[in-house]
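Asker: Below is the structure I would like to discuss, written out as C-alpha cells.
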Amino acid sequence: MRKYSALPNRPLRPRTTIHSPSQILPPKVSFEDPAMTVMTDFQKVTAFTIDPDVSVDTAARVMRRRKVHLLLVMSEENHVLGIITSNDLLGEKTLQCINARGISRADALVRDIMTPEDRLEVISMDDVMHAHVGHVVATLKSKGRQHAAVVDEDAAGNQVLRGLFSCSQLARQLGEPVETIEIAQTFAEISLALKT
C-alpha cells in the first residue's frame with residue numbers, strides 16, 4: 001500500500017475571504033433569449049437559506065452579506081417553509097407584526113413575516129425550458145412580484161425547487177429596469193392594503 005504524507009499546515013491570515021459559487025450569466029440578454037439565461041439555477045449555484053426561528057435583523061444581515069434580496073426559509077428536514085424578501089424586512093410587514101404582537105423588532109422572527117409555502121406560486125421547469133426572457137418579465141409584471149420560483153420533480157414526483165427569477169437580475173442582464181407593481185392576491189392582503 002502506498003504511503004501518504006500529511007499536507008503542510010499554515011496559519012489562516014487575517015482578512016481571508018471565502019469562495020462563493022457564482023453562476024456565469026450572459027452579460028446582456030434580450031426579450032427573445034431563452035428564459036434559462038436569466039434563471040438562478042440551483043443545480044449550478046447554492047440557494048441562500050435561513051431558519052424560521054432567526055430574528056428579522058439577522059435575516060437582514062444575511063441578505064446584505066450575501067448581496068441577495070430573498071432567502072428561502074427551510075425546515076430542519078430541508079423542506080421549503082416559505083420565503084422572506086428584503087421588502088418584507090424593510091416594509092410594512094415587519095412593522096405590522098411588531099405592532100400586532102406588541103413586541104420589539106429584536107423579537108420579530110422570520111416565521112412571523114415570511115410568505116408561507118401555502119401562499120407561494122411556482123413555475124414549472126417544463127414551461128421555463130420553452131419560454132423566453134419576455135415571458136418571464138410578463139409573468140413577474142402580471143403577478144406584481146419581484147421574484148418567481150421554478151420547480152421540477154424528482155423521480156417520485158415530488159416538487160424540487162430548481163431555480164429563481166429575480167427582477168434585479170433581469171434588469172442587470174437586460175440593461176433596463178423591470179418595474180413591477182405589487183398586487184394583492186388575497187382578500188386579507190387587499191384588506192391590509194386598505195387599512196394602511
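The values are calculated or read from the model by the stated rules, or taken from the named source; none is laboratory data. Keep in mind it's a predicted model, so treat the numbers as computed, not measured. A quick note on method: Cβ atoms are made from the backbone with ideal geometry, for glycine too, and the neighbour counts reach across all protein chains shown. In case anyone asks, the SASA skips ligands and DNA or RNA and just uses the protein heavy atoms, side chains included. Shrake-Rupley method; radii C 1.70, N 1.55, O 1.52, S 1.80 Å.
Asker: Within the range 53-61, does at least one residue satisfy the condition of being in a loop (DSSP other than H, G, I, E, B) and at pLDDT below 95? Steps first, answer last, please.
Answerer: Within the range 53-61, the subset in a loop (DSSP other than H, G, I, E, B) is 53-54.
Filter once more, keeping what is at pLDDT below 95: none.
No, the range 53-61 has no match at all.
Asker: Same structure again: Would you point out the residue of the range 61-83, among those that are without any contact (Cβ under 8 Å) to a residue 60 or more places away in the chain and in contact with a Leu (Cβ under 8 Å, 6 or more places away or on another chain), that is surrounded by the fewest Cβ atoms within 10 Å (Cβ to Cβ)? Give the steps one after another, and end with the answer.
Answerer: As a first pass, look at the range 61-83 and keep what is without any contact (Cβ under 8 Å) to a residue 60 or more places away in the chain: 61-68, 71, 73-79, 81-82.
Next cut, in contact with a Leu (Cβ under 8 Å, 6 or more places away or on another chain) only: 62-63, 73-75, 82.
Working: 62: 17, 63: 20, 73: 23, 74: 17, 75: 11, 82: 20.
Out of the qualifying residues, it is 75.
Asker: So, in the range 131-144, of the ones that are out of contact with any strand residue (DSSP E or B) (no Cβ under 9 Å at 6 or more places or on another chain) and open to solvent by 40 Å² or more (accessible area, probe 1.4 Å), which residue ends up modelled with the highest pLDDT?
Answerer: 135
Asker: Another question, if that's okay. When you check residue 6 against the structure, is it of a type in the set (A, V, I, L, M, F, W, C) and buried (at least 16 other Cβ atoms within 10 Å of the Cβ), yes or no? Give the derivation first.
Answerer: Details: of a type in the set (A, V, I, L, M, F, W, C): yes; buried (at least 16 other Cβ atoms within 10 Å of the Cβ): no.
Criteria not met by residue 6.
Asker: Would you call residue 13 loosely packed, with under 12 Cβ neighbours inside 10 Å, not in a loop (DSSP other than H, G, I, E, B) and not polar (S, T, N, Q)?
Answerer: Numbers: loosely packed, with under 12 Cβ neighbours inside 10 Å: yes; not in a loop (DSSP other than H, G, I, E, B): no; not polar (S, T, N, Q): yes.
No: the conditions fail for residue 13.
Asker: Still on this model: Looking at (1) over 30 Å from residue 127 (Cβ atoms); (2) open to solvent by 90 Å² or more (accessible area, probe 1.4 Å), which one does residue 58 not meet, given that it meets all the others?
Answerer: Of the numbered conditions (1) over 30 Å from residue 127 (Cβ atoms); (2) open to solvent by 90 Å² or more (accessible area, probe 1.4 Å), the odd one out for residue 58 is (2).
Asker: Could you list, in sequence order, all residues of the range 25-55 that are open to solvent by 40 Å² or more (accessible area, probe 1.4 Å) and farther than 15 Å from residue 174 by Cα?
Answerer: Just the residues of the range 25-55 that are open to solvent by 40 Å² or more (accessible area, probe 1.4 Å), to begin with: 25-28, 30-34, 36, 42-44, 46, 48-49, 51, 53.
Scanning the range 25-55 gives 42, 43, 44, 46, 48, 49, 51, 53.
Asker: Considering only residues that are at pLDDT 60 or above, farther than 15 Å from residue 136 by Cβ and among the aliphatic types (A, V, I, L, M), which ones fall in the range 172-189?
Answerer: Selection gives 181 alone.
Asker: Can you work out which of the residues in the range 89-112 that are of a type in the set (Asp, Glu) and without any contact (Cβ under 8 Å) to a residue 60 or more places away in the chain is surrounded by the fewest Cβ atoms within 10 Å (Cβ to Cβ)? Walk me through how you get there before you give the answer.
Answerer: So the first thing to find is which residues in the range 89-112 are of a type in the set (Asp, Glu), and the list is 92, 107, 112.
Right, trim to without any contact (Cβ under 8 Å) to a residue 60 or more places away in the chain and you get 107, 112.
Numbers: 107: 13, 112: 21.
Selected residue: 107.
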